[in-house]
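Below is one structure, written out as structure tokens, with a few remarks after it.
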Amino acid sequence: MTRTTPRTAALRAAALLAGALLALTACGSGGPAADDKAPAAARIPTTDVVSGIKKDPAAAKLLPAEVRQRGTLTLASSVGTPPGTTYLADGKTLAGQDVDFADAAAKVLGIRLRREVAGFEAILPALGSGKYDLGTGNFGVTDERRRTIDFVTYINDGQGFAARKDSPLKKVTSLKQLCGLTVATGAGTTFEATLEENRHLCKEAGKKPYDVTTYAESGALWISLQQGRTDVVMSTINGLRYAVKQQQGLRFLNEFKRLDVGFAFKKGTPLAPAFRAAVNRLKKDGSYGRILKKWGTGASAIGTSQISPPEIR
């Protein structure tokens with residue numbers, strides 16, 4: 001039996017997504033328009049917004065002495081689709097907003113990151129065991145996660161919905177609007193947790209419960225929506241907006257709930273103050289805004305970085 005590694009799974013997801021994009025570009029009542037664009041992989045921005053960032057001695061001094069001496073930290077990256085983290089066309093190079101923010105913070109702190117690709121649902125438990133020093137994967141800061149994980153915030157994203165253009169859904173303001181539908185979402189995410197925790201709403205309203213179908217690979221998730229096997233996707237606001245811009249026949253419905261997003265660490269980590277200082281330094285020198293501009297996520301800017309703030313309600 002062939003073992004599926006995080007990298008091969010991510011590459012498979014990228015291939016599935018590219019296939020979904022190509023299929024959707026070829027669909028539509030009027031056929032492909034003259035200005036139809038290439039698959040998403042060809043449109044991932046590659047502008048360098050990190051290499052010119054300088055070390056900030058004051059922020060670096062906040063690192064534990066052994067980290068300053070060693071000069072490296074191990075980072076676990078969950079790979080999905082832009083603007084989060086994805087592979088470029090070479091199948092080797094990682095790119096995305098999370099990549100840029102982690103690399104930028106490392107530059108400020110004067111350290112190097114040893115980046116390893118890991119499954120989204122595996123990263124947080126691995127932080128607790130000490131396998132990784134920190135993790136990225138558009139991890140929303142929730143009160144449940146704060147019990148076992150420390151976060152240093154760098155953007156504000158959250159939960160949203162997308163559907164096919166022929167869907168009767170226009171805006172989801174209550175999960176009761178999903179009753180009787182099949183909802184696609186990522187495995188091990190806050191979206192899955194939110195959906196599972198609120199299944200009772202349909203029963204209490206005398207309606208047929210919604211079904212939740214989870215996917216470890218984002219490409220398969222979008223294909224399920226395209227092919228009508230699922231009715232609606234619940235995912236990150238930024239990820240949904242990016243995806244529907246690349247695909248014909250789909251539309252972003254609305255923001256459902258905002259969440260701060262942060263670097264994830266083992267509970268009680270001594271690294272948090274240094275990374276908070278690094279993010280705030282990036283805001284001060286303009287690098288923060290350049291990263292958001294590159295990925296088209298200006299609406300996700302935060303005022304200041306915080307360590308494990310309460311969940312946004």
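Structure data summary
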{"quantity": "Alpha-carbon Rg with Dmax, taken over the chain, Å", "calculated": "19.6, 63"}
{"quantity": "Assigned charges on the beta-carbon of Lys, Arg, Asp, Glu; the chain dipole about Cα centre (debye)", "calculated": "480"}
{"quantity": "Highest-fluctuation residue, ALA126, ALA65, ALA274 considered, GNM on the chain with Cα pairs under 10 Å", "calculated": "ALA65"}
{"quantity": "Fraction of alpha-carbon pairs over 18 Å apart in segment 89-243 - percent", "calculated": "65"}
{"quantity": "Virtual spin-label span in nm between LYS203 and ALA301, 7 Å along Cα→Cβ", "calculated": "4.6"}
{"quantity": "Order of THR136, THR269 under a 10 Å beta carbon neighbour criterion, fewest first", "calculated": "THR269, THR136"}
{"quantity": "Derived scalar couplings ³J(HN,Hα) [segment 301-313; Karplus, 6.51 cos²θ - 1.76 cosθ + 1.60; whole Hz; x for Gly, Pro]", "calculated": "5, 10, x, 7, 6, 10, 9, 6, x, x, 4, 6, 10"}
{"quantity": "Hydrodynamic radius of segment 159-257 per Kirkwood, over alpha carbon pairs, in Å", "calculated": "13.3"}
{"quantity": "Rg to Rh quotient for segment 236-313, alpha carbon positions, Kirkwood Rh", "calculated": "1.03"}
{"quantity": "DSSP beta bridge pairing in segment 159-257, given as percent antiparallel to the nearest 5", "calculated": "60"}
{"quantity": "FRET efficiency, 1/(1 + (r/R0)^6) with R0 25 Å, evaluated for GLU116 and ALA65 via beta carbons", "calculated": "0.55"}
{"quantity": "Residues of segment 238-259 with amide N under 17 Å of the 7 Å Cα→Cβ point at LYS170", "calculated": "251-255"}
{"quantity": "Cα-only Debye scattering, segment 187-307: base-10 log of I(q)/I(0) at q = 0.14, 0.22 Å⁻¹", "calculated": "-0.83, -1.31"}
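Quick note: the coordinates plus some simple rules give every number you see, no bench work behind them. All figures in this text were calculated on a predicted structure; none of them were measured in a lab. Counting neighbours? That spans all protein chains shown, and the Cβs are built from the backbone with ideal geometry, glycine included.
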